[in-house]
1. For the range 87-166, how big is the tail of P(r) above 16 Å, as a whole percent of Cα pairs?
2. Give a quick list of trypsin sites (Lys or Arg not before Pro) in the range 109-166 that DSSP marks as loop, anything other than H, G, I, E or B, with at most 11 other Cβ atoms within 10 Å.
3. Ignoring ligands and nucleic acids, what accessible area does residue 39 show with a 1.4 Å probe (Å², nearest 10)?
4. Could you check the spin-label model distance between residue 153 and residue 99? Points 7 Å from the Cα along Cα→Cβ, value in nm.
5. What distance in nm separates the two pseudo spin-label positions at residue 91 and residue 146, each 7 Å out from Cα along the beta-carbon direction?
Amino acid sequence: MEGLPADVSPPMEGQPLPRDFWTFDMVQERLVEAMITCWRHPDRERGWQRVRSAWPDILREVSAGDYDARGADLASSDVEIRPASLTRIEVGEMEEAFAWTDMLALEDRKLVGMAITELAKGQREVKWRRLLLRMGMQRGADGLRMRYGRAINAICIAKNGGNALG
């Protein structure tokens, strides 16, 4: 606004939101981050099935040269780099965000999971028509979108202590 000094903020309508207020976008973003963290989580069962004796790997073969830390005698460009392991904080945040969906009905939880998966894959928006068949429905894509909105809003209300300020 013109005429106000730089250190004075313009007037606002209504009351400012509390610091710990959760919005729709904040909850959705946190669930997307939780899904991406879940995908980074190692598969313990598959890792256990691949366990073998380390003895053959530690024998040095002069003809093969030095072993690369990532690929034994393979060139390092041939071996895919594994993602960094998860921290306790990341796992805790993932579990906390997924626990938010426990309050939802089973069908709504399934819908939120499918929509969040689409967003976590990098889609800018959810293709609701594509989710219809996976939800066992023939029509009603707009209804799915509204159901998803109500489910995320319910999480927001619960996170904000039952207060719907907006």
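The values are calculated or read from the model by the stated rules, or taken from the named source; none is laboratory data. Everything numeric here is computed off the predicted structure, so don't read it as measured data. For neighbour counting, all protein chains shown are included, and Cβ atoms are generated from backbone atoms with ideal geometry for every residue, glycine included. Just so you know, the surface numbers come from the protein's heavy atoms only, side chains and all, with ligands and any DNA or RNA stripped out. Shrake-Rupley method; radii C 1.70, N 1.55, O 1.52, S 1.80 Å.
1. Beyond 16 Å sits 57 percent of the P(r) for the range 87-166.
2. Answer by residue number: 121, 124, 127, 139.
3. 120 Å²
4. For residue 153 paired with residue 99, the spin-label model returns 2.7 nm.
5. Here the modelled spin labels are 4.2 nm apart.
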